[in-house]
Amino acid sequence: MMNEGFPPEFLWGGAIAASQADGAWQEGGKGIDTQDLRYFDSSWSREERDHNRNVNMTTERFEEALQAEETEHYPFRWGIDFYHHYREDLRLFEEMGMKIFRTSINWARIYPNGDDPVPNEEGIQFYVDLFDECHKRGMKVFATILHYNIPANLVTKYGGWKNRKLVEFYVRYVLFRSYAKTLFERIGDRVDFWLPFNEINCSRFNPYNGCCLIKDQEEDYESAIFQCTHHQFLANALAIREGHRILPGSKFGGMIARFTTYPATCRPDDVMQMVLDENYKNYFYTDVMARGRYPSYTERMFRESGIHIKKQEGDDEILAENTVDFLSFSYYMSTVASTDPNHEKTSGNLVTGNKNPYLKTSDWGWQIDPVGLRISLNDMYDRYQLPLFIAENGLGAKDVIENGEIHDNYRIDYMRAHIEQMKEAIRDGVDLLGYTMWGIIDIVSCGTIEMSKRYGVVYVDRDEKGKGTNRRYKKDSYYWYKKCIESNGEDLE
Ligand code: BGP
């Protein structure tokens with residue numbers, strides 16, 4: 001029998017990430033982490049902001065930031081002070097009727113230096129309190145174990161994800177309690193869905209964010225990126241193994257940033273380019289996590305890109321025996337594959353892509369494509385036959401507050417169009433578990449570090465220097481999403 005619409009148990013929710021929201025960068029015993037070190041200047045032009053979005057962290061900037069005590073130029077050090085405001089914010093989410101809340105756990109709150117022999121009890125208590133508050137307010141917890149930021153010490157002392165020891169610190173250390181195992185043992189009963197990594201394909205597009213690589217330290221940068229990714233694949237698989245062992249019945253998802261790609265024309269070469277782009281940007285990662293092995297096209301892909309990685313005895317078995325229970329992805333936009341190097345470009349999440357003449361773009365140049373979400377859902381469900389969860393989807397925009405109101409009809413239009421396509425995908429037979437709209441509350445943008453790029457249905461009065469009352473205001477989209485949830489996706493007017 002064809003599904004008509006959203007199942008009664010569909011999980012409507014919202015998502016944030018610790019580094020973009022929490023602030024309190026030196027409180028509660030937290031160590032300094034890699035996102036605390038990203039520098040932003042509110043006087044930067046549009047070009048400088050886009051350049052710094054992906055400019056690879058330099059050794060000089062990294063070391064300068066490690067010594068910097070100031071916060072104005074380090075927005076991830078203050079976020080929206082969710083660390084102190086979470087009870088108020090969760091009450092707002094409860095009032096909206098949210099069923100699930102996604103956030104990430106900050107590794108540097110649990111192990112301030114990453115290699116500490118014992119965990120930081122204040123950090124564990126923060127997440128016990130936060131997740132208890134979610135359940136008290138009727139929301140399930142969707143926890144991302146790692147959303148880019150690792151303790152800075154793991155970079156300075158060990159070289160970050162390039163070093164296989166990171167796998168030990170993340171999940172397997174027999175001597176110390178490792179990060180993920182500590183979470184499973186100490187707060188595991190409070191988490192309903194786990195994501196070991198946010199967008200495990202990010203390293204390919206933004207290596208500092210994805211795997212904390214500093215470009216000027218790398219001889220063979222491309223190979224270093226994929227060596228880091230191999231270590232993250234192992235950590236992902238071992239987290240699933242340890243999580244299933246410590247928490248029987250627990251659900252672990254693999255997550256990518258989904259770059260849905262169309263051929264520029266029906267010319268076969270453009271279509272072949274699309275196949276290559278889809279494999280390289282998306283399926284390579286979900287194939288490893290869901291099928292448990294490097295796909296057959298890896299060898300040619302690596303060879304033609306000059307990529308060399310080192311595996312160890314037993315790695316293939318770890319990947320094969322510990323695949324994901326569901327797949328998850330962020331979806332903002334789609335892009336175009338073209339064999340024409342002069343194809344017009346536009347910006348996008350993590351990447352600059354080819355322009356699609358049939359699509360409008362956001363203020364930041366991201367191509368808005370709701371039908372692409374239906375295509376992505378059908379593609380991924382057909383390929384893996386695993387339940388899917390949309391972990392991020394939303395519109396970054398320059399919202400304006402007038403007398404305490406924010407009339408963000410453009411965001412309502414964006415959400416309505418994407419939710420309509422989600423319903424179509426469910427009617428196509430896709431098993432879709434839930435939807436956590438990205439940036440349920442305004443937070444600091446991850447790519448361009450801009451507070452002015454607002455995603456939330458809740459507005460936060462804070463500017464790009466971290467100044468403001470930090471008060472929260474319900475946008476028009478807050479009331480709209482509340483109705484959408486109450487009607488289980490039926491009332492989208
Ligand atoms: C994804 C990240 C999120 C969020 C989102 C929006 O890649 O997982 O952390 O940042 O992109 O991007 P931005 O914040 O750059 O607008």
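The values are calculated or read from the model by the stated rules, or taken from the named source; none is laboratory data. Quick caveat, the model's predicted, so the values are computed rather than measured. Here Cβ is always computed from backbone atoms with ideal geometry, including for glycine, and neighbour counts include all displayed protein chains.
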Looking at the structure I just gave you, is Val155 part of a helix (DSSP H, G or I) and over 18 Å from Ile318 (Cα atoms)? yes
Residue list for the range 348-357, filter: within 16 Å of the ligand (Cβ to nearest atom) and touching an Asp or Glu at 6+ places or on another chain (Cβ under 6 Å): none
I'd like the full set of residues that are in a loop (DSSP other than H, G, I, E, B) and farther than 22 Å from Tyr332 by Cα, limited to the range 190-231. Val191, Asp192, Cys212, Leu213, Ile214, Glu218, Glu219, Asp220
Have a look at Leu359, Leu350 and point out the one that is aliphatic (A, V, I, L, M) and on the phi > 0 side of the Ramachandran plot. Leu350
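For every residue, the table says whether it meets (1) at pLDDT 95 or above; (2) surrounded by 22 or more Cβ atoms within 10 Å (Cβ to Cβ); (3) within 26 Å of Asn198 (Cα to Cα); (4) within 16 Å of the ligand (Cβ to nearest atom).
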{"residue": "Leu359", "(1), (2), (3), (4)": "yes, no, no, no"}
{"residue": "Gly365", "(1), (2), (3), (4)": "no, no, yes, yes"}
{"residue": "Asp369", "(1), (2), (3), (4)": "yes, yes, yes, yes"}
{"residue": "Tyr381", "(1), (2), (3), (4)": "yes, no, yes, no"}
{"residue": "Val400", "(1), (2), (3), (4)": "yes, no, no, no"}
{"residue": "Asp408", "(1), (2), (3), (4)": "yes, yes, no, yes"}
{"residue": "Arg411", "(1), (2), (3), (4)": "yes, yes, yes, yes"}
Residue among Phe184, Phe176, Phe169, Phe126 that is of a type outside the set (S, T, N, Q), assigned to a helix (DSSP H, G or I) and at pLDDT below 95: Phe169
Checking Gly468 against (1) farther than 13 Å from His407 by Cα; (2) surrounded by fewer than 23 Cβ atoms within 10 Å (Cβ to Cβ); (3) away from the ligand (no atom under 16 Å from the Cβ); (4) touching a residue at least 24 places away in the same chain (Cβ under 8 Å), the condition it does not meet: (4)
Pick from the range 125-179, criterion more than 16 Å from the ligand (Cβ to nearest atom) and among the small types (Gly, Ala, Ser), ranking: nearest to His85 (Cα to Cα): Gly138
Can you tell me which residues in the range 285-296 are surrounded by fewer than 22 Cβ atoms within 10 Å (Cβ to Cβ) and either farther than 14 Å from Met380 by Cβ or touching a residue at least 24 places away in the same chain (Cβ under 8 Å) (or both)? Ala290, Arg291, Gly292, Arg293, Tyr294, Pro295, Ser296
Single residue of Met422, Met437 found to be more than 16 Å from the ligand (Cβ to nearest atom) and in contact (Cβ under 8 Å) with a residue 12 or more places away in the chain: Met422
Scan the range 65-93 residue by residue and report those that are part of a helix (DSSP H, G or I) and farther than 14 Å from Leu130 by Cβ. Ala65, Leu66, Gln67, Pro75, Phe76, Arg77, Leu92
Working only within the range 120-140, note down all residues that are surrounded by 21 or more Cβ atoms within 10 Å (Cβ to Cβ) and in contact with a Leu (Cβ under 9 Å, 6 or more places away or on another chain). Tyr127, Leu130, Cys134, Met139
Filter the range 4-39 down to residues that are touching a Phe, Trp or Tyr at 6+ places or on another chain (Cβ under 7 Å) and among the aromatic types (Phe, Trp, Tyr) and give me whichever is surrounded by the fewest Cβ atoms within 10 Å (Cβ to Cβ). Tyr39
Residue list for the range 383-398, restricted to those being basic (Lys, Arg) and away from the ligand (no atom under 13 Å from the Cβ): Arg383
Of the residues in the range 329-347, those that are within 11 Å of the ligand (Cβ to nearest atom) and either part of a strand (DSSP E or B) or surrounded by fewer than 24 Cβ atoms within 10 Å (Cβ to Cβ) (or both) come to Phe329, Ser330, Ser347
Considering only residues of the range 187-228 that are more than 16 Å from the ligand (Cβ to nearest atom) and hydroxyl-bearing (Ser, Thr, Tyr), which is modelled with the highest pLDDT? Ser223
Of the listed residues (Ile485, Ile443), the one being crowded, with 16+ Cβ neighbours inside 10 Å, outside any strand (DSSP E or B), within 16 Å of the ligand (Cβ to nearest atom) and aliphatic (A, V, I, L, M) is Ile443
Identify all residues within the range 1-47 that are modelled with pLDDT of 95 or more, under 23 Å from Leu395 (Cα atoms) and not in a loop (DSSP other than H, G, I, E, B); write none if there are none. Leu11, Trp12, Gly13, Gly14, Ala15, Ala18, Ser19, Gln20, Ala21, Gln35
Determine, yes or no, whether Arg454 is over 24 Å from Pro8 (Cα atoms), within 16 Å of the ligand (Cβ to nearest atom) and touching a residue at least 24 places away in the same chain (Cβ under 8 Å). yes
Matching residues in the range 413-440 - criterion: being buried (at least 24 other Cβ atoms within 10 Å of the Cβ) and either basic (Lys, Arg) or in a loop (DSSP other than H, G, I, E, B) (or both): Gly439, Ile440
I want to confirm something. Restricting to the range 43-63 and keeping residues that are loosely packed, with under 15 Cβ neighbours inside 10 Å and in contact (Cβ under 8 Å) with a residue 12 or more places away in the chain, which single residue is nearest to Asp461 (Cα to Cα)? Thr58
